[in-house]
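Enquirer: Quick one: structure below, then a few questions.
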Amino acid sequence: MATEERYQDQIRFFSQSADGEAIQHRLARLRIAAFGAGVVASNSLSALEASGVSNVKSATEESLLPEIEAADAVVVALDAPAPKLMHAINLACLQTKTPWVSAQIHTGTGWIGPMIIPGQTPCYTCYELRRNANLQNYAEVIRYETRLDEMPSIVSRLVAPVPLAACVGALLALETLRFLSGVALPQTMGRLMRVDFFDSELTYHRVLRLPRCPACGHAPQPAS
């Protein structure tokens, strides 16, 4: 089936503010590297595929840098925190100047973003260091995330109802589609979006660039 026929409703929607057919063809051409497996990933990637984002390649930490170098954008969809993987992806995306966005479940709460565009937005290290500095239960959170990082697989770690994880995956796909289409600004650029099982309201938390961030900042130059 021709692209125009299969996605005609979406093309019509895009055409309200831009060249809908051109956007739809671009979505099919863009190369996406996807990290993660589980409920969040399956819902996110199936929604992107249904939107015409068909050139998606699953990647692993072992193939991280080559896959990111070849991608136009990176999507990370996790059923649980994986700090080591997130840091590795952050550094690789900074090195290759590749935009990326993530979502994860953290004990019954979904986190979407922040969307990171190297050179324009704070990076993931900016976010995490500021988050850690403001955690009231720092030791408990770090212990929980470290234990998950030591597990051999990022599959089957979901600590939340499946419908919440499915919702988080859909929101991640929506943010990705906003960015890839260029029709609307992603809501997670410089912000973290949170959705909780006990409260359907989406909340946003601003992410600020960290001065002299060890990942994306510039170290002070020695005096001459």
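The values are calculated or read from the model by the stated rules, or taken from the named source; none is laboratory data. In this text, all values refer to a predicted model and were calculated from it rather than measured experimentally. Positions of Cβ are generated from backbone atoms using ideal geometry, with glycine treated the same way; all protein chains shown enter the neighbour counts.
Enquirer: When Asn90 is evaluated against the numbered criteria (1) assigned to a loop (DSSP other than H, G, I, E, B); (2) buried (at least 21 other Cβ atoms within 10 Å of the Cβ), which criterion, by number, is the only one it fails?
Expert: (1)
Enquirer: Please work out which one of (1) in contact with a Lys or Arg (Cβ under 8 Å, 6 or more places away or on another chain); (2) at pLDDT 95 or above; (3) of a type outside the set (Ser, Thr, Tyr); (4) closer than 27 Å to Gln95 by Cα is the condition Val40 fails and give its number.
Expert: The failed condition is (1).
Enquirer: Report yes if some residue within region 185-195 is closer than 30 Å to Ile11 by Cα, β-branched (Val, Ile, Thr), at pLDDT 90 or above and more than 14 Å from the chain's Cα centre (by Cα); otherwise report no.
Expert: yes
Enquirer: Checking Ser54 against (1) modelled with pLDDT under 95; (2) part of a helix (DSSP H, G or I); (3) closer than 25 Å to Pro163 by Cα, which single condition isn't satisfied?
Expert: (2)
Enquirer: Report whether or not Asn55 is of a type in the set (S, T, N, Q) and more than 16 Å from the chain's Cα centre (by Cα).
Expert: Yes: the conditions hold for Asn55.
Enquirer: Among the numbered conditions (1) of a type outside the set (Phe, Trp, Tyr); (2) touching a Leu at 6+ places or on another chain (Cβ under 6 Å); (3) farther than 17 Å from Glu175 by Cα; (4) part of a helix (DSSP H, G or I), tell me where Leu85 comes up short.
Expert: (2)
Enquirer: Only one residue in Leu148, Leu171 is aliphatic (A, V, I, L, M) and modelled with pLDDT under 90, so which one is that? Talk me through it step by step, then tell me what you get.
Expert: Numbers: Leu171 fails: modelled with pLDDT under 90.
Unique residue meeting the criteria: Leu148.
Enquirer: With the condition kept exactly as written, say whether any residue in region 58-68 is part of a loop (DSSP other than H, G, I, E, B), at pLDDT 95 or above and of a type outside the set (Ser, Thr, Tyr).
Expert: Among the residues of region 58-68, not one is part of a loop (DSSP other than H, G, I, E, B), at pLDDT 95 or above and of a type outside the set (Ser, Thr, Tyr), which makes the answer no.
Enquirer: Could you count how many residues in region 168-178 are touching a residue at least 12 places away in the same chain (Cβ under 8 Å) and surrounded by fewer than 21 Cβ atoms within 10 Å (Cβ to Cβ)?
Expert: Of the residues in region 168-178, 3 are touching a residue at least 12 places away in the same chain (Cβ under 8 Å) and surrounded by fewer than 21 Cβ atoms within 10 Å (Cβ to Cβ).
Enquirer: Restricting to region 107-125, what's the tally of residues that are in contact (Cβ under 8 Å) with a residue 40 or more places away in the chain and within 15 Å of the chain's Cα centre (by Cα)?
Expert: 13
Enquirer: Identify all residues within region 31-54 that are over 18 Å from Gln104 (Cα atoms) and in contact with a Leu (Cβ under 6 Å, 6 or more places away or on another chain); write none if there are none.
Expert: Selection gives Ser51, Gly52, Val53.
Enquirer: Touching a helix residue (DSSP H, G or I) at 6+ places or on another chain (Cβ under 7 Å), closer than 22 Å to Arg209 by Cβ and at pLDDT 95 or above, is that true of Ala77?
Expert: no
Enquirer: Quickly run through region 103-131 and pick out the residues that are in contact with a strand residue (DSSP E or B) (Cβ under 6 Å, 6 or more places away or on another chain), assigned to a loop (DSSP other than H, G, I, E, B) and either farther than 12 Å from Arg206 by Cα or of a type in the set (Ser, Thr, Tyr) (or both).
Expert: Across region 103-131, the qualifying residues are Thr121, Cys123.
Enquirer: Which of the residues belonging to region 161-176 are farther than 19 Å from Ile32 by Cα and either among the polar types (S, T, N, Q) or in contact with a helix residue (DSSP H, G or I) (Cβ under 6 Å, 6 or more places away or on another chain) (or both)?
Expert: Let us first name the residues in region 161-176 that are farther than 19 Å from Ile32 by Cα, namely 161-167.
Selection gives Val162, Ala165, Ala166.
Enquirer: While we're here: Please go through (1) of a type outside the set (D, E, K, R); (2) outside any loop (DSSP other than H, G, I, E, B); (3) surrounded by fewer than 20 Cβ atoms within 10 Å (Cβ to Cβ); (4) modelled with pLDDT of 75 or more for Val141 and return the number of the only condition it doesn't satisfy.
Expert: Among (1) of a type outside the set (D, E, K, R); (2) outside any loop (DSSP other than H, G, I, E, B); (3) surrounded by fewer than 20 Cβ atoms within 10 Å (Cβ to Cβ); (4) modelled with pLDDT of 75 or more, Val141 violates only (4).
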